[in-house]
Each structure stands twice: as C-alpha cells, then as structure tokens.
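Below is one structure, written out as structure tokens, with a few remarks after it.
The values are calculated or read from the model by the stated rules, or taken from the named source; none is laboratory data. Predicted, not measured: the structure shown is a model, and the values here were computed from it. Note that each Cβ is placed from the backbone with ideal geometry, even for glycine, and that neighbours are counted across all protein chains shown.
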Amino acid sequence: MRTIKFFIIFLSLALAVSLSSQVRYGVEAGYIFNGLDATNVEYKSKPSFRIGGIVRYDADIESGIYFSRRGMSLTDFAPKYADKIEKIDLYGNYIELVPFSISLPGKKIGDKFTINIDVGLYASYCLGAKGSAVIDGQTVELKNIYRNTALTVNGDNYDFKAFRPFDCGLNAGFKFVLCDKIFLRVYGSNSFINLTKYDKRISYVALGLSAGYML
C-alpha cells in the first residue's frame, strides 16, 4: 500500500510539472554491475540489465521508470552456517522509479557536446525473485527470498531470514550528451536501506552504464 501511494504521489507531481514545463520523452537501456555494501560478506556480481523511459521537464530535471534485473552470488552470508554453505545465487526483477534527477551545471565542449553531473533519488520494488544455495554439497532452491525460509538438508536445519523487497537510495554520476538527443550515462547507486533482516547491515550498491535517446 505504501508503494502504491508513492507511485500516485509521483505521478501527480509529474503531471503538475509537465503542465508548466516543456516536456521531452526518451528511452534508456544499459548494463548494471550489482554489489553489496556489507562487512564480512563476499559476493560476485552477475551483470544484468536496466531499461526504461525518461521524462525531461527542462534542461535540468528528469524523471524515469525502469525495469531492471539484479543478480549476484554470495558467500559467507549466514555466519553460523559458514562451514556448510558454499554459495547462494540470487536473481530479482525490479521496477525502479526515479522521481527526480537534477543535472548540475556541466561543461560544454564545442556546439554539440556537453558533460553533466546527475544526482537523484530512486525507489525500487521487487516483482519476483528466486535463488539457489549450495549447502553441504547439495543444491537447493530458494523459492521466495522475501520470506523467512527453513530448509532441511542432509538432516540439518537451516533458517534464512528474509530480504526486503523495497529499496530506495541515491543515484549519482556523469551524463555525456551529444546534440541534446543522444546520451551516455555512467552512474553509481547506493541504497539507504538494510536489504535483509539480519543484524548486520547489508545495502545494495551498483555501477551502471547506459545509453539513451531523447525525442
């Protein structure tokens, strides 16, 4: 319900701004290299994708909505099972909302090329996720990583605390614009939220590379 309210507020603000601004629309797609900001949690990123649409209200303000996939392999994730769990593979499909992104004054090179610094907020929600774990040499499926999961493998019991499906944080990076239409974006993301219900803080970080076109 909170997520639905957030989307309604965003759409209302976007409509209000669009009525008083010169609006342009665009598309954007690219790769994401996922990671975690955590202590004593080793991971291996699985490159994934991000694709979506952009609304630019003027030269300095943008909004966007994206579909993205996040994936990674974790080791040493549940310390009390460290001698039994070899790795955990996770994949999730997300809808990501960027309510606003501001382009700070950039550097113009010639008549057609501009470099800007972009800073904005994002909120994302997982539409579905799956995973697998190699436990004591046996691969088992994690059907719903957003609920506490209890497994029995070779007579031993394993309890995994749930991930949180909602995430929000900060995007920041550089945007290279050609002829005010074609652009290349290099950005980083850092979550404000602890993604799991474990005591240790585990937050999402990412490095993205994307290209887009404004109509």
Say whether the condition of being at pLDDT below 70 and not hydroxyl-bearing (Ser, Thr, Tyr) is met by at least one residue in segment 55-69. yes
Here's a check for you: in segment 1-52, which residue that is acidic (Asp, Glu) and at pLDDT below 85 is nearest to GLY169 (Cα to Cα)? ASP37
Inside segment 175-215, the number of residues satisfying the requirement of being surrounded by fewer than 16 Cβ atoms within 10 Å (Cβ to Cβ), aromatic (Phe, Trp, Tyr) and modelled with pLDDT under 95 is 1
Considering each residue of segment 109-132, count those that are closer than 30 Å to MET72 by Cα and of a type outside the set (A, V, I, L, M, F, W, C), and give that number. 9
